[in-house]
Amino acid sequence: IGVDVDMELQDALDFQDSLNITFPVVNDTEQKLIEAFAPTGMPALYYVYNNKVIGKHIGAISNIDKVISQDLEEFKGQL
């Protein structure tokens, strides 16, 4: 699930459309959800399992699909 923190909903929707996103996105225009995570930078990627953050990446990630696949394999062995 993605979280878009743009304060203007239309800006968020336009940006998401430009990326051809195929997963659900929560539009956090009031930035309440993002406050709970308090990332030190953006973009931020969090892995949440059983209501706990089990991993994260802060900042832009090259080859994000490969990084996520590797992370999920690692987590699978730990859970």
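The values are calculated or read from the model by the stated rules, or taken from the named source; none is laboratory data. Just so you know, these numbers come straight off a predicted model, no measurement behind them. When the accessible area is computed, the model is the full protein with side chains, heavy atoms only, and any ligands, DNA or RNA have been set aside. Shrake-Rupley method; radii C 1.70, N 1.55, O 1.52, S 1.80 Å.
Rolling a 1.4 Å probe over the protein heavy atoms leaves L45 with an accessible area of roughly 40 Å².
Ignoring ligands, DNA and RNA, please state the percent of accessible area on the chain from carbon and sulfur, probe 1.4 Å. C and S fraction of accessible area: 53 percent. Student exercise: in the chain, how many lysine pairs 8 or more apart or on different chains have Cα atoms under 16 Å apart? For the chain, the number of qualifying lysine pairs is 4. Per residue, the chain exposes 79 Å² of solvent-accessible protein surface, assessed with a 1.4 angstrom probe and all protein chains in place.
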